[in-house]
Every structure is written in C-alpha cells, then in structure tokens.
Amino acid sequence: MDQEIIKKAGDIIASLSGHGATDGTEPYCTLALIDDEGYPTASTITVSKSEGIQWITFCTGLSSNKVKRIEKCNRASVCFNSLQYNLTLVGDIEVITDPAVKKEMWYDGLKYVFTGGDSDPDYCVLMFKTRRYNLMIDYKEAVGRLDK
C-alpha cells in the first residue's frame with residue numbers, strides 16, 4: 001500500500017512541475033525554510049523537475065531570500081495540497097549553479113523572470129532531497145523515511 005501511495009505522490013508532483021503541467025493546473029507548491037531569526041517561512045514556488053518523491057528541483061534567483069536562507073540552514077519542507085491529496089516532504093536543500101544543471105532544469109515560464117535565459121547570472125537551481133514524508137492521497141496515508 002505504501003509503495004502505491006508513494007508512486008501516486010511522485011506522479012502528482014511530476015504533473016505539477018514546470019516541465020509537466022499541461023492541463024491548466026496551477027503548478028505550485030509551498031517551500032518552507034528557516035529565516036535569520038530561526039522561524040519557518042513559507043513561499044509558493046513552481047517545481048522544475050522531480051524524481052518521484054526522492055528529489056525535487058526549483059528555480060530561483062541567487063539574490064533571493066530563499067538562497068540566503070538556504071546558505072544559513074539547509075533544512076526544508078515542501079508541501080503539495082488539494083482536496084484530493086496532501087503531500088508533505090521534509091529534507092535538505094542546496095543551491096546549484098552548475099551550467100549543465102541550470103540548462104536541464106530550465107522551463108519556458110522562467111523566461112519572464114530571467115531574461116538572460118538559462119545562462120542568466122542570477123538564475124540558480126534549488127535541489128531538495130527528501131528524508132521523510134507524510135503522504136495523504138484519497139484518504140490513504142503513508143508515513144516514512146527515505147534516509148534509512
């Protein structure tokens with residue numbers, strides 16, 4: 001049962017990514033980070049790509065508050081929710097500036113923010129890796145860890 005829920009969760013995340021959203025669904029989730037004062041802060045962000053629930057990438061600017069927060073504390077949580085599901089992932093996040101990764105994670109919607117394309121000097125990728133999860137899909141729940 002847990003593997004079925006984990007697979008469904010991965011499919012949902014992929015369908016909500018900048019690379020996968022095709023049905024007009026708003027491709028957003030909530031990313032929570034720790035701020036300078038030690039408080040959690042949440043913001044809405046679009047997934048670039050994902051691999052099941054194992055990892056998720058986001059694109060943002062190097063000058064953003066998100067990057068500043070990650071540099072001080074790399075712990076994060078991601079939440080996707082609707083009336084049919086609530087997917088909460090907890091793990092670690094890092095900032096990636098490698099040009100090959102930036103190119104791979106680029107999706108068309110970013111051109112409105114980063115006018116220099118995937119080589120824009122402010123553009124970077126955030127790589128989130130799940131350690132634990134709490135997944136509720138169609139009133140079925142799976143709770144566990146990936147970092148065993």
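The values are calculated or read from the model by the stated rules, or taken from the named source; none is laboratory data. Small disclaimer: the values here were computed from a predicted structure and weren't measured. Glycine also receives a Cβ, built like all others from the backbone with ideal geometry; neighbour counts cover every protein chain displayed. Each accessible area value is taken on the protein alone, full model and side chains, heavy atoms only, with ligands, DNA and RNA left out. Shrake-Rupley method; radii C 1.70, N 1.55, O 1.52, S 1.80 Å.
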Next on the checklist: Filter the stretch 29-48 down to the residues that are over 18 Å from E71 (Cβ atoms) and surrounded by 13 or more Cβ atoms within 10 Å (Cβ to Cβ) and list them by number.
Outcome noted: C29, T30, T46, V47, S48
Checklist entry - Name the residues in the stretch 49-70 that are open to solvent by 40 Å² or more (accessible area, probe 1.4 Å) and of a type in the set (A, V, I, L, M, F, W, C), would you? => result W55, L62
Next on the checklist: Could you list, ordered by first residue, the pairs with Cβ atoms under 8 Å in which the first is in the stretch 111-136 and free of Cβ contacts under 8 Å to residues at least 24 places away in the same chain and farther than 21 Å from A32 by Cα and the second is among the basic types (K, R) and surrounded by 13 or more Cβ atoms within 10 Å (Cβ to Cβ), at least 6 apart or interchain?
Outcome noted: G117/K111; D118/K102; S119/K102
Checklist entry - Does A32 meet the test of being within 16 Å of the chain's Cα centre (by Cα), in a strand (DSSP E or B) and not acidic (D, E)? => result yes
Checklist entry - On the given criteria, is C73 crowded, with 21+ Cβ neighbours inside 10 Å and either under 19 Å from G18 (Cβ atoms) or modelled with pLDDT of 95 or more (or both)? => result no
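Residue-wise test of (1) surrounded by fewer than 17 Cβ atoms within 10 Å (Cβ to Cβ); (2) aliphatic (A, V, I, L, M).
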position: L83; (1), (2): yes, yes
position: T88; (1), (2): no, no
position: V113; (1), (2): yes, yes
position: G116; (1), (2): yes, no
position: Y123; (1), (2): no, no
position: R131; (1), (2): yes, no
position: L135; (1), (2): no, yes
position: E141; (1), (2): yes, no
position: G144; (1), (2): yes, no
